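Here's the structure we're looking at; comments come further down.
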There are 2 protein chains.
Amino acid sequence: MSFVLDPRLEGDSTFVCDFPLSQVRLSNNASFPWIILIPRKPDMVELVDLSWQDQIQLQSEVRQISLVMKGVFAPDKLNIASLGNIVPQLHIHVVARYKADEAWPNPVWNSGIQSGYVDGTKDNLINEITAQLK
Amino acid sequence: MSFVLDPRLEGDSTFVCDFPLSQVRLSNNASFPWIILIPRKPDMVELVDLSWQDQIQLQSEVRQISLVMKGVFAPDKLNIASLGNIVPQLHIHVVARYKADEAWPNPVWNSGIQSGYVDGTKDNLINEITAQLK
């Protein structure tokens, strides 16, 4: 079987770029700078479902996007997580957190805090992230 | 400076064993099978603060404990996360989750769900985990 992006992940986020292993997407929730990496391999649920080589590649891609998010957003903390209790398809959250954000110090998941990007801010953000990735 | 375990992490969890990089601890919250890995390097906050070699080592240790937790607990899902909004010292949560657990499908952090281990159950669990690590 080939890789198919989960429809809920697709609906909740916007394509940024493809890394060698993962698709990089920006959450549509504007309340937090929030990237999601989805390894483009079929039937992956747990991190350990990936081959060891792919686990290292994923770690490398998490590292790469973490450094870009530190550069673009200057967060107080990065929150990195593989949860999947609601959407089983393996995906890794990388969220830039601030001591002044609405959910701090609690996690963003199930926080109920949600807002939409307005005007061209999402496109501008995606352009800024992809520029830093080059 | 040498590595010193954060007092809050120390108080909230119990020593299991030392991996080459990380100290392995069991959360004292009996509501969820919950392991915490703490890389024994001073002044680490973000995953990317570790050298790339240590990031790979940590990934290997997360993989190892994940496989043991799958074997010991047969969870419906593993939740793996580096948050650190409250305790900045770099630590990685590996939590065995069940569709029937009290917090499902929400994250365990800030869930308010907390219970203590009774009698020798914590020691038994630690013995079971360390036996599987050998």
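The values are calculated or read from the model by the stated rules, or taken from the named source; none is laboratory data. Please read these numbers as outputs of a predicted model, since none were measured by experiment. Because the Cβ atoms are built from the backbone with ideal geometry, glycine has one as well, and the counts that use them run over all protein chains shown. In case anyone asks, the SASA skips ligands and DNA or RNA and just uses the protein heavy atoms, side chains included. Shrake-Rupley method; radii C 1.70, N 1.55, O 1.52, S 1.80 Å.
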Checklist entry - Along the charge dipole of segment A:1-129, which of A:16, A:87, A:65 sits closest to the positive end, that is, farthest toward it, with unit charges on the beta carbon of Lys, Arg, Asp and Glu (+1, +1, -1, -1)? => result A:65
Checklist entry - Looking at segment A:23-101, which trypsin sites (Lys or Arg not before Pro) are in a loop (DSSP not H, G, I, E or B) and have at most 11 other Cβ atoms within 10 Å? => result A:99
Checklist entry - In segment A:1-60, which chymotrypsin sites (Phe, Trp or Tyr not before Pro) are in a loop and have at most 13 other Cβ atoms within 10 Å, using DSSP for the loop call? => result A:3
Item to check | For segment A:1-51 and segment B:1-36, distance of Cα centres in Å | outcome: 30
Item to check | Rounded to 10°, Cα long-axis angle of helix A:121-133 versus longest principal axis of chain A | outcome: 60
Next on the checklist: Over segment A:1-107, what is the relative contact order in percent, taking alpha-carbon pairs closer than 8 angstrom and at least six residues apart?
Outcome noted: 26
Checklist outcome for this item: Under 25 Å between C-alpha atoms, the lysine pairs in the protein assembly as shown lying 8 or more places apart or on different chains count 24
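All other residues with a Cβ under 14 Å from the Cβ of residue A:125 taken together, and with Lys, Arg as +1 and Asp, Glu as -1, what is their net charge?
Summing Lys and Arg as +1 and Asp and Glu as -1 gives -1.
With a sphere of radius 14 Å drawn around the Cβ of residue B:3, what net charge do the other residues whose Cβ falls strictly inside it have (Lys, Arg +1; Asp, Glu -1)?
-3
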Checklist entry - Per residue in segment B:81-120, which ones lose no less than 10 Å² of accessible surface when going from chain alone to all protein chains (1.4 Å probe)? => result B:81, B:82, B:83, B:84, B:85, B:86, B:104, B:105, B:106, B:107, B:109, B:110
Item to check | Electrostatic dipole magnitude of chain B [Cβ: Lys, Arg +1; Asp, Glu -1; Cα centre; debye, to 20] | outcome: 320
Checklist entry - What's the angle, to the nearest 10 degrees (0 to 90), between helix B:52-73's Cα axis and the longest principal axis of chain B? => result 10
Checklist entry - Measuring from a point 7 Å past the Cα of residue A:12 along Cα-to-C-beta, which residues in segment A:54-80 have an amide N at less than 17 Å? => result A:79-80
